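Enquirer: Structure in structure tokens, see below.
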Number of protein chains: 2
Amino acid sequence: MTDMNVKQNDFSGTDTSSPFSPQLSARMKRPDFQGDFTGMILSAAEKDDVISFAGGLPNPVSFPIQEFREAADRVLSENGAKALQYGDAMGYEPLREYLAERYRKQGIPVSSKEILITSGSQQALQLIGAAFLDDGSPILLEDPSYLAALQLFHYYAPSIHTVPLSEDGADRTEFARIIKEENPRFFYTVPNFQNPTGLTYSKQARMEIASILRGTNTLLIEDNPYGDLRFSGNAPISFASLLGTQCILLGSFSKTVSPGMRIGWLVCREKALLKRLLSYKQSCDIHSSLFCQMILHEYLSSHDLDTHITKITALYKQKAQWMISCMERFFPDGIHFTRPEGGMSLWVTLPDGMTAVDLADAALEKGVAIVAGDPFYEKRRKVSSFRLNYSNSSDAEIEQGIRILGDCIRKIMAH
Amino acid sequence: MTDMNVKQNDFSGTDTSSPFSPQLSARMKRPDFQGDFTGMILSAAEKDDVISFAGGLPNPVSFPIQEFREAADRVLSENGAKALQYGDAMGYEPLREYLAERYRKQGIPVSSKEILITSGSQQALQLIGAAFLDDGSPILLEDPSYLAALQLFHYYAPSIHTVPLSEDGADRTEFARIIKEENPRFFYTVPNFQNPTGLTYSKQARMEIASILRGTNTLLIEDNPYGDLRFSGNAPISFASLLGTQCILLGSFSKTVSPGMRIGWLVCREKALLKRLLSYKQSCDIHSSLFCQMILHEYLSSHDLDTHITKITALYKQKAQWMISCMERFFPDGIHFTRPEGGMSLWVTLPDGMTAVDLADAALEKGVAIVAGDPFYEKRRKVSSFRLNYSNSSDAEIEQGIRILGDCIRKIMAH
């Protein structure tokens, strides 16, 4: 197809004494926040000879593969020309209506007009970063917080404040102080089975935080990818219910149906803001895959999502309990760990003086991958905590992996 | 699922005398560049009683629906757990290898390691904006240019310079002057069947532009969504061949297979730069739908893409010729229009003194939608040119629509 009269490999522009040097933006010249950690997590998860508690992968057993075959076939045979064509930037209306109805059943009054479909909830974070952050803008995050949110927000060079997270949620005294003194543009929280800690905000904590926020101009970003994965206890009220237009709620099908589809959403009840988010979303990728949205909707229309979720939560409950029982058997005294009521990971804290990075290095040599807590913190390094993911390992791997971790901890303690 | 002890509709935060007011970023407070035009284009394209030459939609006849049914079924039955799981941020390796091989056959030496899969080529533009633009950074665009690229770049508040586009490409004298005086971070071009004009750069123009750029630090962004849709003439050499690492090449399956999948890519041969683009891409949406990538690859592995493209180009050639013959029949003298050798649209210029916006308004009243040239220009308004898309209308619609446009033009001329 190409004009062959011109030498194809003529890269003369790059072979001179002054080679081409791209003129990068300031954001691209800054070092990548903890980028190496993410690479490590993903590569460890891919090695066959490593037992990985590092990745945040759902268990493939939870994917409705056969149901998707049928849904894909129905969408393409009945509505193929639409599924393969350009679509609406807001997302596929029947899918948005499905989500709105699901929220209404949970007592959260949402209309489909308030739901923007995104390419995973990661893209929702990207839209939020663009919508609210200038250089130096104050924002408030949990300490520790979700690694990929920290990485993303760093591209906008905001002024990141953090509030310590304890068993029942963010520390309210510190929270109130920062809200008052810094007037952050938003507070970003994962209130249910937080990544990395597995912790859930109590009802009391939610009400106190909502109360502190009312009357301020700080938005609450409620990231809720794991909320449906509750395997014990009752769900406390959503921030979206407590704060109305002062809350943007994020959701995702990645943990309940399939991450490979890359379909998430955001709920924004502030009309003018949603219009701007939509416009920016359109500039980012026109719209999220309509093909994926229609297949998802077809699947959801002909199957009960909650029945499917029950299978996942039963699996994860068993995995979590098994991992905890193994830790009780194989870990020495003095090790603390969270006992999540749902989600995919838990958080282990070593005794004072021990650093999780040392343990992660020692464990990887023995074929077990964990994520040391460091990249989940904005500033703290050489912390004593680490994340264990239990969703995607077999019982035998969990037993062997936890035994090896226990051995490594003992060795480090003995030094 | 929610704690019902708390009033669900308690939006008290928004009902007080000082309602919540989100603290937007500077980029979000700026007016949306020509956002209303895009909305108009999309809504006109959706109305059943309007003949729309406004949208840039491929003809659904070109979608391989039956082949996708088979591909989706094979992927899900043989490899479902992988297709529905998280994937690699770079994209599905076999798809990248397919693309690299296709470039090599066209004489462009590309390895799969240099290809990053994106959520449509619109996302590639988003990554490029983030990678190169600070407030006030000089960049160079064609005048007119692709509307969605203009919109996107505006979010970064760069200093936009433009170079007039004529029949054989960008004006070289002006191009050389701006490169020398402004040292733009990049020159963004759609060299084949440009949107909106349908124009293609000659071989001579490409060589002169490459020659002007060599030794400078201005990157050339070669956006090539339509290159495969050539229905007459020969393809001139690609800028990617002429400029090597000084060029980032964008491609897309949207115009040849399906826009609804949202799969495009970028080719970047500068390793360190690609690493940063990858890292940013990962922050944007983790990765593009692996499900879509695997189905696309399955389809491409079992079918010859060029045979499929031949059907599309035959269709678009006939549509373009039919539209041109209708304009020759129904338009008054003094109207100039491009005669594209490929792509999906052509560009009409009214006599001096007439404005395309007036024509667009009059035509829409008579049930025909066109896009006046204004939003494709960075600064010029009330221009005399407009875009006609011929890919997605029936022959009868083209004949009737062009007849109506001809009548409207005559009426405006008579005033």
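Only the coordinates and a few stated rules stand behind these numbers; no lab work does. All values reported here derive from a predicted model rather than from experimental measurement. Note: ideal-geometry Cβ built from the backbone for every residue, glycine included; neighbour counts use all protein chains shown.
Enquirer: Just how far, in whole angstrom, is the stretch A:53-73 from the stretch A:203-217 if you go by their alpha carbon centroids?
Expert: 37
Enquirer: What FRET efficiency, computed as 1/(1 + (r/R0)^6) with R0 = 25 Å and r the Cβ-Cβ distance, is obtained for A:Ser21 and B:Ser111, rounded to the nearest 0.05?
Expert: Approximately 0.70, to the nearest 0.05.
Enquirer: If you average the C-alpha positions of the stretch B:284-359 and of the stretch B:368-397 separately, how far apart do those two centres end up, in angstrom?
Expert: 13
Enquirer: Under 20 Å Cα to Cα from A:Lys275, which lysines show up? Leave out anything in the same chain fewer than 8 places away.
Expert: Result set, ordered by chain and number: A:Lys113, B:Lys29.
Enquirer: Ok, one more. Give the long-range amide H neighbours of B:Phe337: residues separated by 5 or more places, or on another chain, with amide H under 5 Å away, using H modelled in the peptide plane at 1.01 Å from N.
Expert: B:Thr349
Enquirer: Which of A:Phe186, A:Ser252, B:Ile263 sits farthest toward the positive end of the charge dipole of the protein assembly as shown, with +1 on the Cβ of Lys and Arg and -1 on the Cβ of Asp and Glu?
Expert: A:Phe186
Enquirer: So how far apart, in nm, are the two label points at A:Arg329 and A:Ala272 if each is 7 Å from Cα heading toward Cβ?
Expert: 6.1
Enquirer: When the helix-only estimate is applied to the protein assembly as shown (DSSP H runs of n ≥ 4, each -39,500 (n - 2.57), divided by the residue count), what is the mean residue ellipticity at 222 nm, nearest 500 deg cm²/dmol?
Expert: -14000 deg cm²/dmol
Enquirer: In the stretch B:90-118, which residues have a backbone nitrogen under 15 Å from the label point lying 7 Å from B:Glu78's Cα in the Cα-to-Cβ direction?
Expert: Within reach of a label on B:Glu78: B:94-95.
Enquirer: Can you spot the lysines whose alpha carbon is less than 22 Å from A:Lys382's alpha carbon? Ignore those fewer than 8 places along the same chain.
Expert: A:Lys366, A:Lys411
Enquirer: Right, something else. Mind sorting B:Thr218, A:Thr173 by how few other Cβ atoms lie within 10 Å of their own Cβ, fewest first?
Expert: A:Thr173, B:Thr218
Enquirer: Multiply the residue separation of A:Ala157 and A:Val357 by 0.36 nm, subtract the distance between their alpha-carbon atoms, and state the gained length in nm to one decimal.
Expert: 69.4 nm
Enquirer: Distances from B:Arg403 to the same residue in each other copy, label points 7 Å out along Cα→Cβ, in nm, shortest first?
Expert: 8.4
Enquirer: So for each of A:229-241, B:235-247 I average, over its residues, the number of other beta carbons within 10 Å; can you give me the resulting order with the highest mean first? Write down the numbers at each step before the final one.
Expert: Working: A:229-241: 20.2, B:235-247: 24.2.
The most tightly packed comes first, giving B:235-247, A:229-241.
Enquirer: Could I ask something else about it? What distance in nm separates the simple spin-label points at B:Lys366 and A:Thr173, each placed 7 Å from Cα in the Cβ direction?
Expert: 7.7
Enquirer: Still on this structure: Taking only C-alpha pairs under 8 Å that are 6+ residues apart, what is the relative contact order of the stretch A:85-302 in percent?
Expert: Working: 374 pairs, mean separation 58.9, N = 218.
The normalised contact order for the stretch A:85-302 reaches 27 percent.
Enquirer: Please get the size of the charge dipole for chain A, origin at its Cα centre, with Cβ charges of +1 on Lys and Arg and -1 on Asp and Glu, quoted in debye to the nearest 20.
Expert: Around 840 debye, computed over chain A.
Enquirer: Which aspartates and glutamates, if any, have their Cα less than 15 Å from the Cα of A:Lys180, not counting same-chain residues under 8 positions apart?
Expert: Answer for A:Lys180, where 15 Å is the Cα cut-off: A:Asp171, A:Glu208, listed by chain and number.
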